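Reading through the structure tokens given below for one structure.
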Amino acid sequence: MTHRKATIFTRRQFLRTLGVTAGALAAGPALSACGATALTAAPAATAVPPTAALTSVPAPTAVPTVAAPSLKIGVLLPYTDIYAALGENITAGMEMYFEEAGGVAGGRTIKVIKEDEGTAPDKALEKARKLVEQDEVDFVTGIVSSGVLAGVRDYFDSNKKLLICSNAGANALSRGAKTPYIWRTSFTNWQPNWPVGTWAAENVGKKAYISVPDYGAGANTITAFQNSFEAAGGTIIGVQKTPFPNMGDPAPFITELAAANPELVYCFYSGGAAVTFMKAWGELGLAGQIPLMSSGFMVEEDVLPAEGDAALGVRSGLHWALSLDNADNAKFTEAYKARTGKDANVFAVQGYDTGRAIVEMINAVEGDTSDVDALIDALGGISFPSPRGTFALDANSQAPKQHIYLREVQNVGGALHNVVIEDLGEIVDPGDDSKG
Ligand code: PHB
């Protein structure tokens, strides 16, 4: 297999090859009409980006027209194992945005190169290397699991390669292990859990039992919830860490926590693990018996249909809800359903916002990805209306500052959905471990 060496264009050379002005380039994506195939089977360097700006602004005859190279985006997301559906949803949301943008960013045709993250950090690191060194992508996006994010952190840091993380919430990446080269369009694990600790102690009970998977995101969930729950007068009467990625039979764990007689149970499970836990919770007759609370992933719209009535009444905190009442959410949820046949979910939102952040970042540098610091500068300043409300990055934590909503699973017109019962306010990661 041969690999074409990527041509590094300075911004000036790049504009010259296109024979257009910066202004025309900036207008390009909004004016173009490029379909889905361009995203996955983008033409090689000889093709002309299909922007209306290019056709409407004639190239000066003296300048030979050489097309800009396509923008290669490495996408590292799980397409196997317990988080496979999360990867599919993030991908669908991101590709939906790229299509809305005409398949072009900064005058360059977007080409997506996907690799499977799985759940094993060492294997995922190999995929990251392959994307960067073999495929020569301009930057990488993706990563669902905190364990994987921790595992690839040093690689992106030492190679000064940009990674835009579209899910994994490992707190350390916004704190002690922060690097300028990794930004998040998703959340930190602290964000959805910390405000719910206070709410739970004030509204549900003072004795809580915590159950999480035994890896980084589970550990982050414990410290965040415990910090605010205890500050509000609550006591953690037990903590249980189940095997990750596959917890096996959840029944012994659920039996153990029920025996402790808690006033509420607090959990973090997601994807396949959330379905496994919730089904067992229902089968053991605990649904509606012990108040169950969680970070919103556990009962998100992607898993609710499989969880069924066992999830009724579960209250959770998250930065989005299907029923969130804003115009961008209405437009997004309708378009996503038309495209996929399924209700949207938080992972699709994160993919969609990541797609927009990428296109806006690349537009801001007018397609020139050669200077990583310029890319980071552009990314940090991005803010736009999003299905989750306003999307805006906090420069300190390099993650979104966003509202967390307290939701409750209810039967809405014959189907289970999360209904927002309270806005817990704008939550910004503190950037250190002072609050869990
Ligand atoms: C994580 O590993 O940080 C993680 C995974 C799945 C989620 C949320 C966070 O739904």
Which far-off residues, 5 or more places away or on another chain, put their amide H under 5 Å from the one on PHE391, with H placed in the peptide plane? PHE384, SER386
For region 334-427, run through the trypsin sites (Lys or Arg not before Pro) and keep only the ones in DSSP coil with at most 16 other Cβ atoms within 10 Å of their Cβ. LYS342
Based on the mean of other beta carbon atoms within 10 Å per residue, what is the order of 285-293, 307-315, most packed first? 307-315, 285-293
Per residue, the convex hull enclosing the alpha carbons of region 299-378 has a volume in Å³ of 135 Å³
Distance in Å, no decimals, from the C-alpha centre of region 308-322 to the one of region 403-436 is 9 Å
Using the Cα centre of region 150-288 as origin and beta-carbon charges of +1 (Lys, Arg) and -1 (Asp, Glu), tell me which of ALA150, VAL196, PHE253 is placed farthest towards the positive end of the dipole. ALA150
Links exceeding 21 Å between C-alpha atoms in this model, out of LYS206/LYS435; LYS161/LYS435; LYS72/LYS160; LYS160/LYS435; LYS114/LYS161, come to LYS161/LYS435; LYS160/LYS435
Can you give me the solvent accessible area of LYS435 with a 1.4 Å probe, rounded to the nearest 10 Å²? 90 Å²
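Order THR109, THR276 by their accessible area, 1.4 angstrom probe, all chains in place, largest first.
Correct descending sequence by accessible area is THR276, THR109.
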Grab the alpha carbons of region 336-436, take their convex hull, and tell me the volume per residue in Å³. 132 Å³
When the C-alpha atoms of region 230-355 are aligned to their principal axes, what extent does each axis show, in angstrom, from largest down? 46, 34, 25
How much FRET efficiency would the formula 1/(1 + (r/R0)^6) give for ARG129 and ASP249, where r is the Cβ-Cβ distance and R0 is 45 Å, rounded to 0.05? 0.80
Straight-distance crosslink candidates among aspartates and glutamates, where the alpha carbon sits under 17 Å from LYS207 and sequence neighbours closer than 8 are dropped: GLU230, GLU256, GLU263
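The values are calculated or read from the model by the stated rules, or taken from the named source; none is laboratory data. Since this is a predicted model, take the numbers as computed values, not measurements. Every residue, glycine among them, receives a Cβ derived from its backbone with ideal geometry; neighbour counts consider all protein chains shown. Please note that ligands, DNA and RNA were not included when accessible areas were found on the heavy atoms of the full protein model with its side chains. Shrake-Rupley method; radii C 1.70, N 1.55, O 1.52, S 1.80 Å.
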